[in-house]
Each structure stands twice: as structure tokens, then as C-alpha cells.
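The values are calculated or read from the model by the stated rules, or taken from the named source; none is laboratory data. Here the structure is a predicted model, which means the values were calculated and not measured. Here the Cβ positions follow ideal geometry from the backbone for every residue, glycine too, while neighbour counts run over all protein chains shown.
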Amino acid sequence: MTKAPEPRRAWVYPLEVKGKFQRIHRATGLVLQLILVGLPWLVVKGYPAVQFDLASRRAYLFGAIFTPQDTVFLVLMGLLAAFSLFLFTALFGRLWCGFACPQTVYLEEWVRPIETFIEGKRGARIARDKGPWTAEKAARKAAKWTAFAALAGFVAMSFMSWFSGARPLWTGTASVGSYAVTAFLAGVMFADFAWFREQFCNYLCPYARFQGALTDPQSLVVSYQVELGEPRRGEGACIDCKKCVTVCPQGIDIREGFQLECITCGRCIDACDDVLGKKGQEGLIRYTPLVPGPRVRPRTVAYAAILLALLTAFTAMMANRHDLVADISRAPGTLFNIDADGWTRNTYLMRVTNNSHEETSFEVSIEGLPSDAKVDVSPIKLGPSATATVPVIVRLSPGEAAARTLPFAVRVASDHDHVLLTATFKTSEG
């Protein structure tokens, strides 16, 4: 039995459309592009406003410096973003995909306008693609792909600026690895702009896969009003102009019901409003829940409660966050030593990080041991966002140790901050 051939991809040629939802898309797309391109160039307290410096294991966020010891803050920020998206999706459906996703923004704001400018409007592109290769067709394709390559390079550089720093990357002083990753991303983006396009939303995007678990029948979706529109070209209001299909960037017919491929961009709504508006009628495609119901329901309450708890925890932890980060541990392979003068010596390794924006000196003292206990540590002076590991030696005179293990605290202090580190002093007593 001969296996049926795999169906070829049906290329999507979305028709241009204007309307209120496209104006909203233009505004949100502009904001997103300003954030993507502009934020890495902003400087706060001498550092990038936003940069995730993976090589140095530092994150700079609007004046705050986060190190590996601050991983909990980055985790909380990730959870805040996730549950904000969950709540937003439960209330308003897949609006992120249609109005804020970078994939949609760059396709609608750059890729399709470039394609229209070079190859012409929808009808001309369809006719040319169906026809044979000619010198004109090859020239137009080459020009379009060159423009896509330039756009992909710009977007890749802008994205990598969040990790490698805008100024080093754009001035040619970043690492070879940074440019290698940028080149790889540019290649992936070029393939997406030139060929993959809506298939990313349909087959690869994880958000599209799990949105069904985040929504319910009361979530807003783009929906065709069957009771008003059917039967087509009969008593129903739908005149079967198919404009809602030709404008769809996903190539679907919204009149066939809710579909996973729909990114709720509102193009079909604007198209239907335009056609029927000329007849003095209201459009048949709207943002509406599949089943009317309350906006406040168990799902949205649960998401909001979790989001509030996360936000409270993050705010409280940030309020108590120190610019000074330190930890102490016993030197590997040591417990205690008895020196020639009879004093008991314990040796520790202390790691100190200066998360402030200025060079800082730190003083070390101990609390909780007998008054004649001595601490020996080299002077600590660190530049901004610098880290150092120094040995700390604590000595206790003979006869002062009343137990085998003595708890105490190491105080690390600067002019504007301090932390207390807990440790134990081991002796030969007991």
C-alpha cells in the first residue's frame, strides 16, 4: 500500500487591514520595541539599567546588583512574571500572543511591511510566487531576504545587549562567545522571518501548548457570533466575503469556532467591522467569553492570591536586602589546633561580596565568645560588585573553653551596612 504524501504547507498571505485593534497593536508593539532596544542602553548608578551578565554571574536591575547568593530574588521575579501571565490569560485569553509577543510584533511591524514594500501587495505576491522564476522575481526575493537578514541581525544584537551589555556589544569590544551567540540567534531569526513564521506559534511556542490549562469558558477569546451570522448569504448577517480569513496571519477561518492556532490579534474583528460597518451593521466577530460568566471565579482568585503572596514576599525581602553579602565556613580539613602557647585556634574561610556602587572597606569582629578571644583577618577593601574570599582565624586562651562546641557570631560591617554570620568554635574540652 502506497503511503499518502505529506501535505505541503499552505503559505499564508495576510491581507492588510486597519482598525482599532491594529492601532492598539501598533502602540503595544512600539512600547515593547523601546523596552527591548532601549533598556540595555540606560545607565543607573554607573551600571546598565538591565543586564544579565552570565559570565560574571551578575544581574543588574535598575540600580540593584544581584549575585548567585540572591538567586531567590531572581526565582521570585520569574514566578511573579509567570503568575502575572497566568492571571492575565485567565481573564483576557491569549492577548499576549496577539499584542505583546516579540514574534507577533516583529512579524506585523517589520517583516510583513518589508515584504509588502519590496514584493507588492497580497495579490501580486501570490501571483509572483505561483509563476516561474524570473530575474525580477529573484531580485525581489534577494532584496527581501537581505532586508530580513539585516533586521534579524539588529534584533539579535538588541537581545544579546541584555546579556553582554549594549556598549561593549555594539562597539566591538564584547567577547567572541557573545558574537558567536549573536550570529546563531540572527540565523534562527532570519529563518523565522523568511520561512517559519506562523508555524512557530502553531508548533513550537510553549505558551500556545499550555494556554488551554490556563483558560476556561469565561476567558475572553476571539469568537464568531454564529447566531447572528448564520446561515451565510441567507437570513444571517455574514455575507461570506472571507475577509476574516484573508487577513488572518495564522491562516484560519474563525467562523469554524475556537481554534488553538488563533493568537487573538483582532485582525478578523477589524476586517469584519470594516465590511459590515459600510452596511450599517455591527461586526460578527468579537472578543467575548465562550460562556458568559463572572470575571471573579475560583481560577482567577487563586492566581491573584498566589501573585499577591509572591509580591508581598518579594517586597519584604527586597526591603531587608543587604548590599553586603557574606558567608563563612570552616576551612576544609580542619577542626581545631592547639598552638604552642596553648591557645585553641579555629580557621575559617569567609566570602564577602560588595553589591554597592562604590569601593567599600569592611571590618570583621566576633560576638558571643569570651572577652579575650582574638580574631585575625586581613583588611578587606572591595570595589563595586567585587568578591573576595579571606581566611579568618579565631583564637581562644587556655581555660576559657567550657564546652567542646561554642556558638558565636562573626560581624562584618561597612560604613552603611552590616551582617551577622553564625559559626561554631571547636575545642578539646568535653
Original post:
Restricting the search to region 131-160, which residues are surrounded by fewer than 14 Cβ atoms within 10 Å (Cβ to Cβ), under 18 Å from Arg197 (Cα atoms) and either touching a Leu at 6+ places or on another chain (Cβ under 9 Å) or of a type outside the set (A, V, I, L, M, F, W, C) (or both)?
Top reply: Thr146
Original post:
Within region 109-124, is there a residue that is touching a residue at least 60 places away in the same chain (Cβ under 8 Å), assigned to a helix (DSSP H, G or I) and within 17 Å of the chain's Cα centre (by Cα)?
Top reply: no
Original post:
Looking only at region 39-87, which residues are among the β-branched types (Val, Ile, Thr) and exposed (fewer than 14 other Cβ atoms within 10 Å of the Cβ)?
Top reply: Val43, Thr71, Val72, Val75
Original post:
Is there a residue in region 29-44 that is touching an Asp or Glu at 6+ places or on another chain (Cβ under 7 Å) and closer than 30 Å to Pro113 by Cβ?
Top reply: yes
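Could you tell me whether Arg140 is assigned by TED's automatic domain parsing to the domain that holds Pro48 and in contact (Cβ under 8 Å) with a residue 60 or more places away in the chain?
Working: assigned by TED's automatic domain parsing to the domain that holds Pro48: yes; in contact (Cβ under 8 Å) with a residue 60 or more places away in the chain: no.
Judged against the criteria, Arg140 is not a match.
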**OP:** Scan region 338-357 and give yes if some residue there is outside the structural domain of Val72 (by TED's automatic domain parsing), at pLDDT 95 or above and of a type in the set (Gly, Ala, Ser), otherwise no.
**Re:** no
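Please find, among Glu282, Glu256, the residue that is in contact with a helix residue (DSSP H, G or I) (Cβ under 8 Å, 6 or more places away or on another chain), free of Cβ contacts under 8 Å to residues at least 60 places away in the same chain and not assigned by TED's automatic domain parsing to the domain that holds Ile366.
Glu282
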Original post:
Among the residues of region 372-393 satisfying the criterion of being within 38 Å of the chain's Cα centre (by Cα) and among the hydrophobic types (A, V, I, L, M, F, W, C), which is nearest to Arg330 (Cα to Cα)?
Top reply: Val390
Original post:
Among the residues of region 394-430 satisfying the criterion of being under 35 Å from the mean Cα position of the chain (by Cα) and not in a strand (DSSP E or B), which is modelled with the highest pLDDT?
Top reply: Ser414
**OP:** Take Thr427 and decide whether it is surrounded by fewer than 15 Cβ atoms within 10 Å (Cβ to Cβ) and under 21 Å from Thr334 (Cβ atoms).
**Re:** no
**OP:** For residues that are in a helix (DSSP H, G or I) and surrounded by 21 or more Cβ atoms within 10 Å (Cβ to Cβ), tally how many sit in region 161-181.
**Re:** 4
**OP:** Please indicate, with yes or no, whether at least one residue in region 398-406 is in the same structural domain as Ser356 (by TED's automatic domain parsing), in contact (Cβ under 8 Å) with a residue 60 or more places away in the chain, surrounded by 17 or more Cβ atoms within 10 Å (Cβ to Cβ) and not acidic (Asp, Glu).
**Re:** no
Original post:
Given the conditions (1) over 30 Å from Lys144 (Cβ atoms); (2) assigned to a helix (DSSP H, G or I), and given that Asp216 satisfies all but one, which numbered condition is not satisfied?
Top reply: (2)
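So which of Trp162, Trp170 is under 30 Å from Ala59 (Cα atoms) and either without any contact (Cβ under 8 Å) to a residue 24 or more places away in the chain or in contact with a Lys or Arg (Cβ under 7 Å, 6 or more places away or on another chain) (or both)? Spell out the reasoning first.
On the way: Trp162 fails: either without any contact (Cβ under 8 Å) to a residue 24 or more places away in the chain or in contact with a Lys or Arg (Cβ under 7 Å, 6 or more places away or on another chain) (or both).
Within the list Trp162, Trp170, the selection yields Trp170.
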**OP:** Would you please list the contacts, defined by Cβ atoms under 7 Å and residues six or more apart or on different chains, that run from a residue in region 292-304 that is in a helix (DSSP H, G or I) to a residue that is among the aromatic types (Phe, Trp, Tyr)?
**Re:** Tyr303/Phe83; Tyr303/Phe86
**OP:** Examine region 297-317 for a residue that is at pLDDT below 95 and under 27 Å from Ala388 (Cβ atoms), and state whether such a residue exists.
**Re:** yes
Subject >> Residue check for Ala194: in contact (Cβ under 8 Å) with a residue 12 or more places away in the chain and under 21 Å from the mean Cα position of the chain (by Cα) >> reply: no
Original post:
When you scan region 225-288 for helices (runs of 4 or more DSSP H) that lie fully inside it, which ones turn up with 2 or more residues that are buried (at least 21 other Cβ atoms within 10 Å of the Cβ)?
Top reply: 267-277
**OP:** Please find, within region 10-38, the residue that is surrounded by the fewest Cβ atoms within 10 Å (Cβ to Cβ) out of those that are of a type in the set (Gly, Ala, Ser) and farther than 15 Å from Trp110 by Cα.
**Re:** Ala10
Original post:
Taking into account only those residues within region 210-224 that are in contact with a Phe, Trp or Tyr (Cβ under 9 Å, 6 or more places away or on another chain) and among the hydrophobic types (A, V, I, L, M, F, W, C), which is surrounded by the most Cβ atoms within 10 Å (Cβ to Cβ)?
Top reply: Val222
**OP:** Mind listing whichever residues of region 128-137 are among the polar types (S, T, N, Q) and in contact (Cβ under 8 Å) with a residue 24 or more places away in the chain?
**Re:** none
**OP:** Hey, can you tell me all the residues within region 307-339 that are in a loop (DSSP other than H, G, I, E, B) and under 19 Å from Phe425 (Cβ atoms)?
**Re:** Ala331, Pro332, Gly333, Thr334, Leu335, Phe336, Asp339
